1. Just the residues that are in contact (Cβ under 8 Å) with a residue 12 or more places away in the chain and assigned to a loop (DSSP other than H, G, I, E, B), please, taken from the range 68-81.
2. Sort out which residues of the range 65-77 are touching a Phe, Trp or Tyr at 6+ places or on another chain (Cβ under 7 Å) and surrounded by 14 or more Cβ atoms within 10 Å (Cβ to Cβ), and write them in order of number.
3. Kindly indicate whether GLN113 is assigned by TED's automatic domain parsing to the domain that holds ALA128 and either part of a loop (DSSP other than H, G, I, E, B) or within 16 Å of ligand 2 (Cβ to nearest atom) (or both).
4. Say we look at the range 16-48 and pick out the residues that are within 13 Å of ligand 1 (Cβ to nearest atom) and surrounded by fewer than 16 Cβ atoms within 10 Å (Cβ to Cβ); which of these is nearest to GLY82 (Cα to Cα)?
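The values are calculated or read from the model by the stated rules, or taken from the named source; none is laboratory data. Quick caveat: nothing in here was measured; it's all calculated off a predicted structure. Positions of Cβ are backbone-derived with ideal geometry, glycine not excepted, and every protein chain shown enters the neighbour counts.
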Amino acid sequence: MNQQAKSKTEQNLNEAFAGEAMANRKYLYFAKQARRLGNEETARLFENIAEQETAHAFSHLELIYPAKSLTVRKLLELARDGELYESNQMYPEFERIALEEQKPQAASEFVAQARESAEHAEIFEQAAKRFHALAKVEAIHAGRYEDALKSLDKDNRARI
Ligand SMILES: [Fe+2]
Ligand SMILES: [Fe+2]
């Protein structure tokens, strides 16, 4: 993603969002581990706080992607672009470094996830296309409906 065009506060919002979102997933993972270790109380504590981290992450998202600026098409395109960034830039670069540092397990994990990100990008892309086609059909229907209303109006006026 293009960080240069962003103000420092926008960058900080992104970073804060990433931190809160990460805390959410991390605590859910910790909860799973605590449960595995037989400590239900700690597992529940992690799950409870994880939920609050989601709320924190959502507050940041509301400022990063204000509701007013969004359409369904925009949502799908934003999601597609994020997945494309992961599959085309982030994971290939991480894989390269993992190989350089002789961490083959991490390298193959990055390769596998790059592939999955590419699949997700394609799913979002197809959904955006379907949505676009649907919006066109709906516009045609709306136009026909309007024409029908107009001619009905004309008929009515002719009768008066
Ligand atoms: Fe938090
Ligand atoms: Fe993904």
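1. None; the set is empty.
2. Kept after step one, since they are touching a Phe, Trp or Tyr at 6+ places or on another chain (Cβ under 7 Å), are these residues of the range 65-77: 72-73, 76.
Selection gives ARG73, LEU76.
3. Details: assigned by TED's automatic domain parsing to the domain that holds ALA128: yes; either part of a loop (DSSP other than H, G, I, E, B) or within 16 Å of ligand 2 (Cβ to nearest atom) (or both): yes.
Here the answer is yes, as GLN113 does meet what is asked.
4. So, considering only residues that are within 13 Å of ligand 1 (Cβ to nearest atom) and surrounded by fewer than 16 Cβ atoms within 10 Å (Cβ to Cβ), the one nearest to GLY82 (Cα to Cα) is ALA18.
Results for (1) within 16 Å of ligand 2 (Cβ to nearest atom); (2) assigned by TED's automatic domain parsing to the domain that holds LYS136; (3) assigned to a helix (DSSP H, G or I); (4) touching a Ser or Thr at 6+ places or on another chain (Cβ under 7 Å), shown as yes or no for each residue.
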{"site": "ALA5", "(1), (2), (3), (4)": "no, no, no, no"}
{"site": "ARG44", "(1), (2), (3), (4)": "no, no, yes, no"}
{"site": "ALA55", "(1), (2), (3), (4)": "no, no, yes, no"}
{"site": "GLU83", "(1), (2), (3), (4)": "yes, yes, yes, yes"}
{"site": "GLN105", "(1), (2), (3), (4)": "no, yes, yes, no"}
